[in-house]
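Here's the structure, in structure tokens; my notes come after.
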Amino acid sequence: EQSAEAAGIDLAELGDPIATVTVPAVVGEDPEATMDVALYTLRRDGETLILNGSFTVNSEDGEQEERQLFHYLGNHGWAPHLIDSANLTRHDVLASAPTTAMTPSQSFRFRPGQTFYVYAAFAAPPADVESINVQLVDGAPMIVDVPIR
């Protein structure tokens, strides 16, 4: 609930994900650990697009230590991006050193089986672009033609 609140997500209105991808996760000694990465919304807010998503770690080794997303990703940060194929443009998360407009991967701690909710903000494509491709996390398949609300 804390990560949802920090990401500006109302769990009562979240609904089902638009898409979910599964990637490997680092959990103790479990070589079969995975992480489900869900995309819930991609909405236009003026000159920005706001992405809401979540990460849920799946592991059978009984590890219950709370860890940051960074650790589950093998000591790598979360760096989503968008591809506007109509205009051949890549959109990275908005940033102004030293901050970025997204949930940091080294913030909240969570356990396998719990869900960690996230947001990220990007520069919006032109108003006539109604869908875009989303790369939620490195190593995952790209989600194509995601409608922009």
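The values are calculated or read from the model by the stated rules, or taken from the named source; none is laboratory data. Predicted model, so just to flag it, every value in this text is computed and none were measured. All Cβ positions, even for glycine, are placed from backbone atoms using ideal geometry, and neighbour counts span all protein chains on display. Accessible surface is based on the protein model in full, side chains and every heavy atom, while ligands, DNA and RNA are left aside. Shrake-Rupley method; radii C 1.70, N 1.55, O 1.52, S 1.80 Å.
Details
- Structure remark: mean-square fluctuation, Gaussian network model of the chain, C-alpha springs under 10 Å; the largest value among Pro17, Pro125, Pro104 belongs to Pro17.
- Calculated FRET value between Ala101 and Glu63, using beta carbons and R₀ = 30 Å, to 0.05: 0.40
- Counting protein heavy atoms only, the chain has 47 percent of its accessible area on carbon and sulfur, 1.4 angstrom probe.
- The simple spin-label model puts a point 7 Å past each Cα toward its Cβ; for Arg90 and Asp36 those points are separated by 3.0 nm.
- A 1.4 Å probe run over the protein chains yields, for segment 69-149, 52 Å² of accessible area per residue, whole-number rounding.
- Kirkwood Rh, angstrom, the chain [1 / mean 1/r, Cα pairs]: 15.7
- Cα shape, segment 1-41, gyration tensor, a/c 1.5 rule: oblate
- Average accessible surface area per residue within segment 1-65, 1.4 Å rolling probe, Å²: 56
- Each Lys and Arg Cβ is given +1 and each Asp and Glu Cβ -1; about its Cα centre, segment 11-102 then shows a dipole of about 600 debye.
- Sparse packing (at most 12 other Cβ atoms within 10 Å of the Cβ) combined with a DSSP loop state is found for the following GluC sites (Glu not before Pro) in segment 20-76: Glu29, Glu32, Glu47, Glu60, Glu65, Glu66.
- Estimated D of segment 23-99 in µm² per second, where Rh is the Kirkwood radius over Cα pairs and Stokes-Einstein applies at 20 °C, 1.002 mPa s: 145
- Take the Cα of Phe70, go 7 Å toward its beta carbon, and the backbone nitrogen atoms of segment 46-61 under 20 Å from that spot belong to 54-57.
- 222 nm mean residue ellipticity, helices alone, for the chain (DSSP H n ≥ 4; -39,500 (n - 2.57); rounded to 500): -1000 deg cm²/dmol
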